[in-house]
Each structure stands twice: as C-alpha cells, then as structure tokens.
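Just below is one structure, and these are the notes that go with it.
Values quoted throughout were computed directly from the atomic coordinates according to the rules given, and no laboratory measurement underlies them. Since we're looking at a predicted model, the values are computed, not measured. In this analysis, Cβ positions are derived from the backbone assuming ideal geometry, glycine residues included, and neighbour counts consider all displayed protein chains.
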Amino acid sequence: MSPIAGGPRGVGIGWRREIDLTVERLPGVDFVEAVAEDLHPGALPASLETLRARGVPVVAHAVSLSLGGAEPLRHDRVEHLAAVADALGAPVASDHVAFVRAGGLESGHLLPVPRTREALGVLVDNVRAAHATLGVPLALENIAPLLAWPDAEMSEGAFLAELCARTGAWLLLDVANLHASAVNLGQDPERVLDELPLERVVYVHAAGGVERDGVYHDTHAHALTRPVLDLLEALCARHRPPAVLLERDDRYPPDDELAAELAALRAVHARVRV
Amino acid sequence: MSRSELAERQAALLAALVAGGPAPAGIDASRVALEASALRAKRRRVLARLLPVEVHERLGADLTPRLDAWISANPRRTGTSMHADADAFVAHLRAAGVLGRGRRRWWSAWGPR
C-alpha cells in the first residue's frame, strides 16, 4: 500500500523521450515518472497519454525548484511543476534536497546543502511555500554528492527526518544516491536507513553508475550495480517501500537489458521476508 | 549563520564550480574540481544533444573543445534555459564565422534536458 492516495506501487521506469516506445512495450511497468522540466502541460507527448489511457500512473519529477537554495523560491518553477502534475494526473510530485542556483548562476545539476539548522530552516520554508502551490503531495529526494560542506550539525538521516516532520513532506529515497554518499563521503548507508522515517517513503529510485578513482558517479548511463540492489534489499528488510523506479537517462541499452533490470528490482522488492 | 550568509556561501561554491572562483574554505578543493568537471561534462552533453545536425557536421571533432571553451567562458545565468544556452552558442559560432548565417529555426520544441 502507498501511504498517499493513488500513490505508485510495484516497479516503474523513468519515462524519457528517447525510449518512449520501449517504455510502452516493456513488460511489468507498473508506473512511470516524467521530468517536469521536459514537458509542457498543454502539450503532453502522445506516449505519456497512451500510458495514462492504460491506467499507468505517471509521477511528476522536478530538478529545478532549488528547494535548498537560500535565495527566494522561483514560484514560476513551482507553478510549472504543479501544472505538469495536474496535466499528468500525477498522484505525487517530487524534487531534491539540493540547490541548483545561487548568485545569478545556474549549476545545471543538483548540489548539496550544508546540513545545518540554518539550511534546514531554508528548506522548511521553501517546501512549505511549494506545498501552498502544488495540488499534490511532494516527495523529497536525497542526492548523490561528490563533495561535502564543512561543519555538518546533523546526519543526513536526521536532517531528512526533521525536514519531513516539520513540513509533512514525503520521501523519495534514492538508493543509488545513498550508495554515492557512502562511497564519496564515507557515510554509513545503513545508519541513514535506521534514522529515516521509512513509512514516509512514497517511492524509491534506483539507477546505475560507475566508480572511478574511488569516487562513485551516479551516471544513470550504466547498468545497475550489486551494492545498489543490496541497499534496496536492506531497505526492504526494514520497511518495504510501496514502489521502486529505475532511472536511465543516457547510453540506452537494448530493451531486454532494461527489462532484466526491472526484473532484478522486482525480485528484490517483491521478495517475501519472514 | 543567517539566510543571507547561507546564500553567500552557496553563491561562492557555485562560482567556484562554474565561474572559476576559488574553492570555499572547508570544502575539499579536489572535490570542488571534480564537481566542476562533472557539471561541465553534463552541460556539454546537454548542449551537444540540443545542437542542430548542421553544427555537429560542420565542427566534427572540433565541437568538444569549442563547447568546453564556451562553457568555461559563459557560466549559465539564472533564468537561461538550456535551449537558450544552445541558441547563444550557435550565435557565437555564427559571429565567429564558423557557421553560415542560417535563418531556419533549428531547435526542437521541448527537447531532452
């Protein structure tokens, strides 16, 4: 069961224009996720309409709200996400615990926020402001960091737990990003799982990546790796999330390889544990 | 720390990552360099995907160094979409005489990010 009404269940895949037909054809796709910044609410791609007509839930995922940014929230971005979520009939919208703009510049990718009381306060304000505009529940995702701010006052798990408690937001837990934090920052992923309110996880992201020179790069362009599947297993052993989604953004493999990755996720997710 | 101080610290990190600023105190400089390189690679990938076939054909192997030079010299300003970024790069190539003066609207509507 999903903790939110009509929330995703089972196994899904990130819908991308480059693999739209593949996503429509793949067996065992229980839901999909579409990136809001790639869509226009008034002109949804036919493929997403096809999936919706089949009853496949579509989750709206954003990358540009900059919820962790200390500058004023860009309401136009939130309104765009709200309009896309509405057009998709999405049960939930999501974005990251990150910032992507500051000082007049755009990063183009998700950057970590310091884990301080001050930064948490900024996130709480921004998430509340986003809630006021969004017509659907908002789920917040942990990112894959390459660097860390000094002087963290809280662990990642405690930081996210308090963010959820103060805002009522849900969690989109990315197990590949959890692995990235473990490799790149030496964070214990099991401790994060212990500290997170796992009953607030609406869905899980899993993706492939590659380790180079002791640094894990969350590429979404390589095959799923064993440590990521093991973290999904560790999560499911504590509290089985309602849904898990495969993200693939580049260097698309043959359809049967994507099908095999979905099957691997399903095998872990659906396993009966006693 | 205040909200404005946090804003300044975030701006300093981002400037270090995309605009050649110094690595902020307390953040591992080698990781700042690594993140900067990752951001550059991502922008290069996205731009390459958005550019018209004409640009790929004309520049061939010269495209990557030209993109890298463009990216380093032109950090993306707030509110500039990746489409506008690609548009500006093409305009820059035309101004430099590398490309002819095309009139056709070459970009695709709402292409990949």
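Over chain A, what per residue volume does the convex hull of the Cα atoms give, in whole Å³?
Working: hull volume 34.5 nm³, N = 274.
Roughly 126 Å³ of hull volume per residue.
In the elastic network of chain A, a GNM with C-alpha springs shorter than 10 Å, the most mobile of A:Asp230, A:Asp218, A:Asp151 is A:Asp151.
Close amide-amide hydrogen proximity is noted between A:Leu105 and B:Thr78, each under 5 Å apart and 5 or more residues distant or on a separate chain (H modeled in the peptide plane; Pro and chain starts excluded).
Explain nothing, just the number: relative contact order of chain A, from Cα pairs under 8 Å at least 6 residues apart, as a whole percent.
Working: 551 pairs, mean separation 51.5, N = 274.
For chain A, the relative contact order is 19 percent.
Percent of C-alpha pairs per 5 Å bin in segment A:147-274, short distances first: 2, 10, 20, 22, 20, 15, 8, 3, 1, 0.
Within the listed set A:Glu261, A:Glu211, A:Glu195, the Gaussian network model of chain A (springs between alpha-carbon atoms below 10 Å) gives the highest mean-square fluctuation for A:Glu211. Taking the C-alpha atoms only, the angle from helix B:82-95 to the longest principal axis of chain B is near 60 degrees. The Kirkwood hydrodynamic radius of segment A:228-274, based on inverse pair distances between different Cα atoms, is 11.6 Å.
Between the Cα long axis of helix B:29-50 and the first principal axis of chain B there is an angle of about 20°, rounded to the nearest 10.
In order along segment B:61-70, the Karplus-derived 3J(HN,Hα) couplings, from 6.51 cos²θ - 1.76 cosθ + 1.60 at θ = phi - 60°, round to 5, 7, 4, 4, x, 5, 5, 4, 5, 4 Hz, and Gly and Pro are given as x. A Gaussian network model of chain A, with springs between Cα atoms under 10 Å, assigns the largest mean-square fluctuation among A:Pro114, A:Pro145, A:Pro227 to A:Pro227.
For segment A:154-193, the percent of C-alpha pairs falling in each 5 Å distance bin, counted from 0 to the bin holding the largest distance, reads 6, 24, 30, 23, 12, 5.
Restricting everything to alpha-carbon atoms, can you work out Rg to Rh for segment A:1-156 with a Kirkwood hydrodynamic radius?
Numbers: Rg = 16.4 Å, Rh = 16.5 Å.
In segment A:1-156, Rg relative to Rh is 0.99.
Each Lys and Arg adds +1 at its Cβ and each Asp and Glu adds -1 at its Cβ; summed about the Cα centre, segment B:3-95 shows a dipole of about 120 debye.
Taking the Cα centre of segment A:10-270 as origin and assigning +1 to Lys and Arg Cβ atoms and -1 to Asp and Glu Cβ atoms, the resulting dipole is close to 420 debye.
What percentage of all Cα-Cα pairs in segment A:164-216 are separated by more than 15 Å? Provide the component values of the computation, followed by the final result.
Numbers: 727 of 1378 pairs.
The proportion of pairs with Cα distances above 15 Å equals 53 percent.
Modelled spin labels at B:Arg49 and A:Thr50, positioned 7 Å past Cα toward Cβ, are 2.0 nm from each other.
If you take the charge dipole of the protein assembly as shown about its Cα centre, with +1 on Lys and Arg Cβ and -1 on Asp and Glu Cβ, which of A:Ala264, B:Ala69, A:His61 is farthest toward its positive end? Looking along the dipole axis, the top candidate is B:Ala69. Candidates A:Ala83, A:Leu39, A:Ile19 compared by Cα position along the dipole of segment A:11-114: farthest toward the positive end lies A:Ile19, with charges placed on Cβ. Based on the convex hull around the alpha carbon atoms, chain B presents an average projected area of 8.4 nm². The length gained on full extension between B:Glu57 and B:Ala25, counted as 0.36 nm times the residue separation minus their Cα-Cα distance, comes to 7.1 nm. Near the amide H of A:Tyr216, within less than 5 Å, lie the amide hydrogens of A:Asn184, all on another chain or at least 5 residues away, with H placed in the peptide plane.
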